[in-house]
Amino acid sequence: MFGYITANMAALDKEQQTRYRAYYCGLCRVLREKYGQAGRTTLSNDMTFLAIVLSSLYEPAVNRTDGVCPMHPVASRQYADTALFPYAADMNLLLAYYMCLDGVKDEHSRLYGLRARSLRKYYDAISARYPEKCAVISDALERISILEAQQSDSLDELCTLSGRIVGEVFRLKKDEWSDMLYALGFALGRFICMMDAYEDYDADRRLRRFNPLTALHARPDYEEQVRDILLLLAGEAAQALDLLPLERDLDLIRNVLFSGIWVRYARMHRKDQPTEENSHDQ
């Protein structure tokens, strides 16, 4: 699930890049402070985006500091965070734990099993703080697992379940913005599911794993259909964003939603180009 809701750094100017990296490093520091090195390794751009959106909406004070990163000790780095970053860190670790369990189930990965064990005590603490969220996420993941076991081609149902997961994560609390934040997360969750299936299709086919795009892939207009669906889902996310009264860091937020979420899609298509053209692009 991680990796799709990211910034397009090439489309940001130097000041914007510095600001985005400061938030990314700020979330990393919060993860390390709350959950140690095991927590730090779960850091994602996806939850950095969530932290920026929530901070823009609720407008808590931004804490800015300089310091040396233990993983990059050569030069000082800027750190920025708000009172809402701990929530993003909790959701970051929660989703990482579920992803590890999924890796154990699907790939029988010993590494994922070891990571899940290292995160378990933190997951238990987070699930105690957010029992309703964990119930929603667990139920959606169980339903996804059932559909996958059935080799279901119900792409819309799978995307909807993914949307419920991310929607619940984006909904900080029950207040006047609750439904709007859920709608933004729901659209992004559906987009993530579709993009993940599209990116994994060749590997899934080679390894004889389930992929919900198998039936659609047989159509001669497969690429056009996939792109149209992704555009529709990205458009729904953009509409949800427009309902939120965001001002602070809106340039970063728009970069992610209008450009960053397409970075991996563009990278996949660059790989399909002839070698000479790839060299020219680089």
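To the nearest 500 deg cm²/dmol, what mean residue ellipticity at 222 nm is calculated for the chain from DSSP H runs of n ≥ 4 alone, each contributing -39,500 (n - 2.57), summed and divided by the residues?
-23500 deg cm²/dmol
Given the C-alpha centroids of the range 38-55 and the range 225-241, what is the distance between them in whole angstrom?
22 Å
Treating only the Cβ of Lys, Arg, Asp and Glu as charged (+1, +1, -1, -1), what charge dipole size does the chain show about its Cα centre? Round to the nearest 20 debye. Let's see the in-between values first.
Working: 35 positive and 41 negative charges, 273 e Å.
So the dipole magnitude of the chain works out to roughly 1320 debye.
Relative contact order for the chain: what is it in percent, counting Cα pairs under 8 Å that are at least 6 residues apart? Each step should come with its number before you reach the end.
On the way: 331 pairs, mean separation 62.1, N = 282.
The value is 22 percent.
Between THR18 and MET268, what is the label-point separation in nm under the 7 Å Cα-to-beta-carbon projection?
For the pair MET268/THR18, the computed spacing is 3.6 nm.
Mind sorting out which of (i) 28; (ii) 35; (iii) 60 is the real percent of Cα pairs over 29 Å apart computed from the coordinates?
Calculated percent of Cα pairs over 29 Å apart: the matching label is (ii).
Shape verdict for the range 1-83, please, from the Cα gyration tensor: rounded (a/c under 1.5), prolate (a/b greater than b/c) or oblate.
Verdict is rounded for the range 1-83.
For LYS105 and LEU250, calculate 0.36 nm times their separation in residues minus their Cα-Cα distance, and state this gained length in nm to one decimal. Walk me through the numbers before you get to the answer.
On the way: separation 145, 0.36 × 145 = 52.20 nm, distance 3.88 nm.
Contour length minus Cα-Cα distance gives 48.3 nm.
Counting other beta carbons within 10 Å of each residue's own, what order do LYS174, LYS105 fall into, fewest first?
LYS174, LYS105
Test of understanding: what is the full-extension gain from ALA125 to ARG227, defined as 0.36 nm times their sequence separation minus their Cα-Cα distance? Could you put the intermediate results ahead of the total?
Details: separation 102, 0.36 × 102 = 36.72 nm, distance 4.00 nm.
Full-extension gain reported as 32.7 nm.
Can you put HIS108, HIS217, HIS269 in order of Cβ neighbours within 10 angstrom, beginning with the fewest?
HIS108, HIS269, HIS217
In which sequence would MET99, MET91, MET47 go, from the one with the fewest C-beta neighbours within 10 Å to the one with the most?
MET99, MET91, MET47
If a paramagnetic tag sat 7 Å from the Cα of ALA83 along the Cα-Cβ line, which residues of the range 19-42 would have the backbone N under 17 Å from that point?
none
Could you tell me which Cys residues in the chain have no other cysteine's Cβ under 4.7 Å from their own Cβ, answering none if every one has a partner?
CYS25, CYS28, CYS69, CYS100, CYS134
Every number here is computed from the coordinates shown, using simple stated rules; none is lab data. What you see is a predicted model; the values in this text were computed from it and never measured. For neighbour counting, all protein chains shown are included, and Cβ atoms are generated from backbone atoms with ideal geometry for every residue, glycine included.
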